[in-house]
Each structure stands twice: as structure tokens, then as C-alpha cells.
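No lab work stands behind these numbers, since they all come straight from the coordinates. Remember, it's a predicted structure, so these values are computed and weren't measured experimentally. Because the Cβ atoms are built from the backbone with ideal geometry, glycine has one as well, and the counts that use them run over all protein chains shown.
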Amino acid sequence: METLAIDTNGSFTSKDLDSGMDVKWCPGCGDYSILKQVQTVFPELGVPKEKFVFISGIGCSSRFTYYMDTYGMHSIHGRAAAIASGVKASNPDLSVWIVSGDGDAFSIGGNHFIHLMRKNFDVNYLVFNNQIYSLTKGQYSPTSERGKITKTSPYGSVEEPFNPSELALGAKASFVSRTLDRDPKHMQGILKRAHRHKGTSFVEVYQNCPVFNDGAFFAFSDKETKKEEAIFLEQGKPLIFGNNDDKGIRLDGLTPVIVQSQNGYSTNDLWIHDEKDKTKANLISRFFDTTFNDTHFPRPFGVIYADERPIYEESMQHQAEEVISLKGKVPLNKILSGDKTWNIL
Amino acid sequence: MNVLQERKEKISKEVDNIVIRFSGDSGDGMQLTGMQFTDTAAFFGNDLSTFPDYPSEIRAPIGTVAGVSGFQVNIGSSEIYTPGDNYDVIIAMNAAALKVDLPRLKKGGIIVANLQGFDKKNLLLAKYPEGVNPLEDTSLENYIVHKVDITKHTKECLADSGLGIKDIERSKNMFVLGLLFWMFDKPLDSTVRFIKEKFAKKPAIAEANIKTLNAGWNYGDNTEIFTTQYKVAPAKLPPGTYRNISGNHATAIGLLAASEKSGLPLFLGSYPITPATDILHDLAKYKANNVKTFQAEDEIAAVCSAIGASYTGNLAVTTTSGPGLALKTEALGLATMLELPLVVVNVQRGGPSTGLPTKTEQADLLMAMHGRHGESPLPVLAASSPSDCFETIYEACRIAIEHMTPVIFLSDGYIANGSEPWRFPTDDQLREIDVKFLKEPNGDNGEVFPYRRNEFLVRPWIKPGTKGLEHRIGGLEKENKTGNVSYDALNHEIMTRLRSEKINNIQYFIPDAKPDSGEENAAIAVLGWGSTYGAIKTAVKELLQEGLSVAHIHLRYIHPFPKNLGELLLGYDKVLIPEMNMGQLLQLIKAAYLIPATGLSKVQGLPFTTNEIKEKIIELLKA
């Protein structure tokens, strides 16, 4: 795991990250929490403030950039990942954070999303998923559930939503995680992990839109339902949930099964979470859908998958170094003349 | 047979220039054969101009008209500016090739026909009527026809080589080349060196190719059917060291030169597209020269990655052709708003849509000028010849960096793939490029003003990572100076005007327009831009020699125009604007200067011939 030297001279506080711009999200918007958690966590990351760069697309989420007193670019719809690729490739020294929403990342920016995952630049990709288009005032998004009634689907959406973690895993993401706006501590932990992970870290944040899709994720944070509807993954720990921590998930071959302690199962029988196991990560990502024998599974939060593999900008750099040692820099005059010249007197 | 006696009968004929068209199936190796001939002629000191003309399919149906791949070269003992209107010689590897190229063969021109390519099957594929063989009827009686059984001679020559029939077949273009070298009295050694290098790891193939090359030469020298050798004396070019260069390669090394002279790393974000891809190929080789090439997932990601790289302080470039430029336009709006340097290379091709991907056109000028949403002016430059791509792209980089703006550089398929000798500059002859990054707060009280401008309205370039200068930029309208988001009505007008004026100011940093040939205040000015240079130059030169009052003005800077252009054009009675489009520069000129200019349009996927331009000039002079 990478450890970054802490620059004590450059140390800063959460307050230093406030750009002073008026924050213009709607009252009660989940984005406020995300901004707060990011501002809380950043001073602890050991990165000088001037090395942070935020690149955002378009949408409510993407205004985030303006509120952070770091370097930042509020760009165009869907293209933040592509711009961030250029930023990181040209200056690997920067800590690059992409901020996007479900429409920006998965619809108009879908192509850049999957290719960023595949290429594995060492950047962090935060997608504020509220399952709705908010800045354009309420149309269904690629993560809205089938049947969703919105202004563009007055009789219900006929579309199947993306399952973002499954999409990311399918695109070869090296880090796939989920957290939610109403669980600050959890989000802080995930943000730190995302930063530490070398490679593209995909962080899906369930974010409440109080105006156009209020309460979409409350089941995962409300006291009455949270224990039954959400499961919090921890590396090396069994998959346990339920009101009295009395339910667990075990694997029957490749099929997840919900078991109860009252039926004689102990933690030894349960599935132990292993972030590096891609097969299991794929299964966890599919808890999103009710596809296993019609059983309703709790929604997983935490690091679903994390495994390091070569990162783009380093491979690029190594290759350049190899070419330098093999062939050396070509002098400009040699480039200008080419291999074959002739003289005219 | 007494060889010496035989040789006496060969005649040597001195000619000023000669246009040769190599023509065959896509797989016949005509491009390579043509390039080898070109290299040898260049070393010998001829001036020349080439024009590769090939189908968009990699291997189109063999033997058909659709599959014909041509390479045209014009070599001369005086200055050459075009690949030539009509051919003196056609090398026709099959019947389809002859069918395609015969209409442009000069009366009395030479046809070297590969006999096997005119068998029943090939004649049928080329859609000659049943029983018709142009080599056997009277249809070619106005030409000198050499029927050569190239396949048979190649097979005979390589009978003992131990090579398979496929490898032997592949060598037949070397027989053609050898024969051509004899016909035009050129040495073989350059091509021999090339073969040895190319097949360094396959000595048997190298030997076979060299043997066939010599056999071709000997065939010309020894057989009775070839009676004449044509000599094109070395051209009287300005003294210096020369190389051969294509437009795309000139563009690539122009970018390398600008990177080195500005001290900025070069970043190319690109997605492969004909005919621009060569530039990405070329630059991908220079990883040791502080160059990063990024093959993006699409055209949009290509330009966006370049914007990202520009933001961090690189010389950032994206290369494309028309359809790709269309996809990049939203991002160009962003770059205009951000006011970051960015060089956009558009190697134009026939459009719209997929159009004619391997053919040339100049129909993206208005897209380059206006093809963005909102008021988003940016500089547009166009290269006029293969070697001019170097200077023009270098200028595009300089303007982008020194004026903090995206710049569109226009080339086209004709000059991108065409080549010519180039008296290349050395490192120390290149103009300096002035790069300044802001390192300290630029406000009087320690504030950072990302949009505080210098006297020419250029904002500072600030690299992320610079301590104390943290700030946000973005696509939303900015408040003047601070760069903060602003929806203020008057501020938007101020910013729109500032962005426009900044681009207009560039006219003070570029040379004035002047006639390339002919005089100011002549009866007619032919105003061109881009790759029409060679045809206009030759047409005007010939008419000047005939004593006509004509001048040629050629634009490299299309936006902004050189500041004296209007005044210069007003000095002529008439202005003619030839373009490979429906009159796009014509619109711009008329709108800018309200002069009654006349257009000359050609949209055939082919460059102008000299004659087409001459005829129009004469017509206008008489009118």
C-alpha cells in the first residue's frame, strides 16, 4: 500500500478547503454531506492542498468543484473522466478526483466511464447516484428503477436500470465500492480507502435528492429498516445483517443463500468477505437485483472489490523510460533531417 | 547477339519534367514502388511532387476498377508545385488500372502494361466488353504501348531462388521499378539499400527483390522494345540540404519541434481516422522525446484528454478529420471558455459523413470557423503544401501557447499523403516560443485572478500543483478577472467581447499578406488557401510568363485574416478564389471586405489541375 509523505509545512484544515463560494444545492440535498465528508477527510490524506484536482462534468453533483478550494475544472457533460485521463497522464503527481452523477457517468459519459475503469489511471471517481435527473428537473436516469414515474415517463419507465457496481466490475475496475450520504463515518472510511487504492477507485454514493426523488435510499439508512435492508462489508469478516445481527449469507456452490442463526448456523458457516475475490465480488454486486432464487438480498455497502494491477500512467512512464534507455532521446536536428538527405550546391 | 551494337540504337531524350502514374491493385505494391522511384529521383536532385490516390478498402476486390491504387509523381528539372495534370507514363498492372487512368494520359504518352493483368479474367473484372482487349485493338493507337509479361519475367528470374510462388508474385513490382529506373536513367542503389534494410531478417527475400530489380533494368536495357531513355536533369533548387517529406510527417515533426522549442512536454490525444492517423503513428514512436500519445476511446475523449493535459501545462494536441472535428466541437467550446492552449489538427477529407475517406476536399473551413455553439471564435490556420505543414503547425502551436487559445490547423488528404523535397530548417533557425506560467498571485493584495489579462487580453496559464494559486475554472460564464461563475448580463457581454478581441489581436502577431507571385494591383488576384497552392502557383507562373496581369495570394492565416488583406485585395480589379468546396473562403472574404470576388469550385475528391485554374483566370480576364 502506498504511503504518502506528510508535508507538515503544507498542512491544512477542513476550513481551508472552503472556496468561499455560496453553496447552491437545494436545502436537504445529500451533496452537502458528501462535500462535508470530503473536506473532513482531505487534511488527513497527507497530500498538499495544491496537488488536489477536481474534475467534474455537468449536473448538480458537478458543481462540487466550485466549492473546494483546490484546483478544479467544471467541464462538460459526461466528459470528466476523459479530461481527468489527460490530467493524470500528463501529471501523475496530482491527486485527481472526478465528481459525477448517475446521468453524467453512466448515460452521456458511459463510454468514458468504462474505458477509465479499463485503463486504470490512479484517480478517484465519485458518482453521486440519486437515480434521477435533477438539474433538468426530474427525468428518469439510467439508474432509475423500471416503472419509475417521472416527467419523461408519465406512465412509468420501461427501461432496466444499470447496476453500477456490476457495470464497473464488467469494465475491469480495480476498486468498486458503495457508500451513502446519510452515513458520514462510512463515507469517510470509503473515501480514505479510495485515495489509498492505486488505480481507478470507483465510489458510488447513494445521494438523496429531496426535490425529485426524495427517500430513494432511506431504507438503507433509516433505523427501522437499515439493519434488514443494508449489509456492510468488511474485509475478512462474515456477511452478517438483520435486526439482531441474526442473519447471514453463505455460499451454496455459487449461489448466495440467506441463513438465520436460529436455524443452527454459526459465523463459521458464513461467507467471509474477500475484496480480492472477483467471483465473489460479482455475486455481491448482484445483490442489487433479486436474481438468486427470488430471494430479496440486502444492499451491500463498503468495498466490494479491490485488487491492484498496473496503472496507466505508470506503465506509460515505464515505457518511456525503456525507450529512453534503449534508443535515447532523438536530437531535434535529427528529427528535422530524417534518415535520408541530399545536398544541392 | 552483339549487345554493344544493340545499345547504340537506344536514344537518350532530355525532358523538363515527367509525370508517372503507377497503377494497380491495392495489393500490387504501387505505393511502395512509387515512393522508391520518388526517393531515387529526389536524391538525384529532381524537384518533385507526389500524390498517392488509393481506395478506402484495404484489399478491395482484386482486378476491379474499385480496387485500383494509384501513385502519381511529377519529377522535374525546374521547380515543381503539383503532381501534374496529365500523365506522361502509366504503369498499368491490370486492365482496371488502365481503364481508370487512361483518360488522363497525354496524347503520345507511354503505357507499360503488365500482360498477365490483361487476361480474360482481368478484362472481365475491369468490365471491358466481351472479347475486347485494349492491348490488341486500335483503341491505344495514339499512345506508345509496351506490353511486358512482368509476371513471366519475374518467375523466370526467380526460378532458382527456392521461393514459393506467393513470394515470387510479390516481387514483380521490383521488376517494374527496375524497368522504370532504366527508362528514366536513374541508379538502383537507393532502392537496393532500402530492400536490404526492409528485409534484413529475410535475406532470401531481399536477394530475390534485388535480383528482380536488376532484371527489370536489364530488360529495358537489352530488349528492342524500349528504344528511348528519358533524362530529367537535376533541378536548380536553392542550395542547401534537402529531404523528402509528406504533409502528415511534417505535421508530426512540427509538433515535436514546437514542443522542444517551447520546453513543454507534448501530449497527443487522438482516435484513429483516415487520413490523419499517420500523425499519431509517427508521434507514438517518440516516447523518449517527452511525448505522450494517448489513443483515446473516441474522438471526444481524444480532445478532452488533450484539454486535461493542457490544463496541467503540456503542449496539448488532438488530431482528426472532418467527422472527428464534428464530434469535438462541444469540447472546443469548453477550451474556448477555459482559454487554454490547444492545437486541433484537421486533415480534411471528402464529406459529409463518411464521404470519401481517402480523397481530398477543403470543405471543413466553415466548420472550423463557425462550427461551435455560442460565440466561440478561435484562430484557424491552413497549410499549403506537404512541407508547409511543418511551418504552419509550428505557428499554430506558437499562437495557441502565446495567446492561450485553441487553434485549428487545417491540412487535407492531398498534402497529408503527398510529398515533396524540403530544405528543412535546423534547430537554431526555429522561432522561439514564449511560455509563461503564473507562479505567484497576480492580484495587488495577494489574490489570484485567473482571468486577469495582459495588454493583448491573454490570461495567465496556471499549472495545478502550484502552491497558493488554487482556483476553479469551468464551462460556466466567468466573472471578468476573478473567473468566478457569473450570470451577470453585462459581464457576459464583456467576456464575449474580450474573448473575441483576444483572437482579433492575433493579427498583430502574424505577417501581412503579400502576393506569392505577380504584382500588387494586377488585373486579377487568385486568392487561395490550403492545398490549392501548387495548382494556383503553377497556373499563375505560366500566365505571368505569357505576359498576363495576374497575381497569386495565398493565405496561411484564415482567422484572423492578415490585417492588410482587405486593402491588398481592393487593389485588384478582380479576385478569383479557387477552392475544393462550394465557395467557403469566398463567403468569408465577401463578408469581411464586401468585394465582388468570384469562386471556382471543385468537389470531386481530387485536387485542381493547373489547367482548370488557368482557364478560369483567362475567362475572367476576358469577361
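The peptide list B:34-47, B:287-300, put in order of mean Cβ contacts within 10 Å with the highest first, becomes B:34-47, B:287-300. Restricting attention to segment A:271-345, which trypsin sites (Lys or Arg not before Pro) occupy a DSSP loop and are surrounded by at most 12 other Cβ atoms within 10 Å? Loop-located and lightly packed - A:Lys276.
On the principal axes of its alpha-carbon atoms, segment B:457-602 has extents of 68, 32, 27 Å, going from largest to smallest. With contacts taken as Cα pairs under 8 Å and at least 6 residues apart, chain A reaches a relative contact order of 15 percent.
Percent of Cα pairs in the protein assembly as shown per distance bin of 10 Å, from zero to the largest separation: 2, 10, 17, 19, 16, 13, 11, 7, 3, 1, 0, 0. Cα centroids of segment B:396-416 and segment B:570-623: 24 Å apart. Applying the Karplus relation 6.51 cos²θ - 1.76 cosθ + 1.60 with θ = phi - 60° to segment B:195-211 yields 3J(HN,Hα) values of 5, 4, 5, 5, 10, 4, 8, 10, x, 5, 5, 4, 4, 4, 5, 5, 4 Hz, where x marks Gly and Pro.
Computed across segment A:14-221, the Kirkwood radius stands at 16.9 Å (inverse of mean 1/r, all Cα pairs). Taking amide H as placed 1.01 Å from N in the peptide plane, A:Leu180 has its amide H under 5 Å from the amide H of A:Met187, A:Tyr206, each at least 5 places away in sequence or on another chain. The mean number of partner chain beta-carbon atoms within 10 angstrom of a residue's beta-carbon across peptide B:282-292 is 5. A straight Cα-to-Cα reach below 17 Å connects A:Lys329 with the lysines B:Lys261, B:Lys285, B:Lys287, B:Lys292, residues fewer than 8 places away in its own chain not being considered. Put in line by how crowded their Cβ is, counting other Cβ atoms within 10 Å and starting with the fewest, B:His559, B:His492 read B:His492, B:His559. Both numbers refer to the Cα atoms of chain B; Rg and Dmax are 27.0, 98 Å. Bridges between two residues of the protein assembly as shown, per DSSP, are antiparallel at a rate of about 35%.
Highest-first packing order for the peptide set B:110-116, B:405-411 is B:405-411, B:110-116, based on the mean count of other beta carbon atoms within 10 Å. Between B:Leu600 and B:Ile577, B:Glu579, the built amide H atoms are under 5 Å apart, and every one of these is 5 or more places off in sequence or on another chain.
Working ranking of peptides B:156-165, B:204-213, A:239-248 by packing, defined as the average number of other Cβ atoms within 10 Å per residue, highest first, is B:204-213, A:239-248, B:156-165.
In order along segment B:400-414, phi translates into HN-Hα couplings of 4, 6, 6, 10, 6, 7, x, 10, 9, 10, 9, 10, 8, x, 5 Hz, rounded to whole numbers, per the Karplus curve 6.51 cos²θ - 1.76 cosθ + 1.60 with θ = phi - 60° and x for Gly and Pro.
Among the residues of B:468-478, the average count of other protein chain beta-carbon atoms within 10 Å of the residue beta-carbon is 6. The base-10 log of I(q)/I(0) for segment B:436-510, evaluated at q = 0.13 Å⁻¹, reads -0.42 [Debye formula, identical scatterers on Cα atoms, solvent excluded].
Quick one: of the DSSP bridges fully inside chain B, what percent are antiparallel, nearest 5? Here the share of antiparallel DSSP bridges comes out near 30 percent. For segment A:125-255, the number of Lys pairs separated by eight or more positions or lying on different chains, with C-alpha atoms closer than 24 Å, is 21. Over segment B:524-622, the fraction of Cα-Cα pairs per 10 Å bin, rounded to whole percents and listed from the shortest bin up, is 16, 54, 29, 2. Residues whose amide H lies under 5 Å from that of B:Leu105, counting only those 5 or more places away or on a different chain, are B:Tyr87; hydrogens are built 1.01 Å from N in the peptide plane.
Separation of segment A:250-273 and segment B:322-391 by C-alpha centroid, Å? Distance between centres, Cα-based: 61 Å.
The string of couplings for segment B:346-362 from the Karplus curve (6.51, -1.76, 1.60, θ = phi - 60°) is 10, 8, 5, 9, x, x, x, 6, 5, x, 10, x, 9, 10, 9, 6, 10 Hz, one whole number per residue in order, with x for Gly and Pro. Bridging of B:Lys172 to lysines at a Cα separation below 24 Å is possible for B:Lys99, B:Lys120, B:Lys121, B:Lys147, B:Lys152, B:Lys155, B:Lys186, B:Lys196, B:Lys198, B:Lys201, B:Lys202, B:Lys211, once same-chain residues fewer than 8 apart are set aside. Pick out, in residue order, every one of the trypsin sites (Lys or Arg not before Pro) in segment B:441-491 that is DSSP loop and has at most 16 other C-beta atoms within 10 Å; say none if there are none. Counting only loop positions with at most 16 other Cβ atoms within 10 Å, the trypsin sites (Lys or Arg not before Pro) in segment B:441-491 are B:Arg452, B:Lys467. Annotation: the residues A:Ser134, B:Ser246, sorted from fewest to most other C-beta atoms within 10 Å of their own C-beta, follow the order B:Ser246, A:Ser134. Binning the C-alpha pair distances of segment A:6-119 at 5 Å intervals from 0 yields a P(r) profile of 2, 12, 21, 23, 20, 14, 6, 2, 0 %, listed from the shortest bin outward. Given the convex hull of the Cα atoms of segment B:118-181, what is a quarter of its surface area in nm²? Mean orientational projected area (segment B:118-181, Cα hull): 5.6 nm². The modelled label-to-label distance for the pair B:Asn142/A:Ile344, using points 7 Å beyond Cα in the direction of Cβ, is 3.4 nm. Taking 14 Å as the straight-line reach from the Cα of A:Lys280, the aspartates and glutamates in range (excluding those fewer than 8 positions away in the same chain) are A:Glu166, A:Glu234, A:Asp252, A:Asp307.
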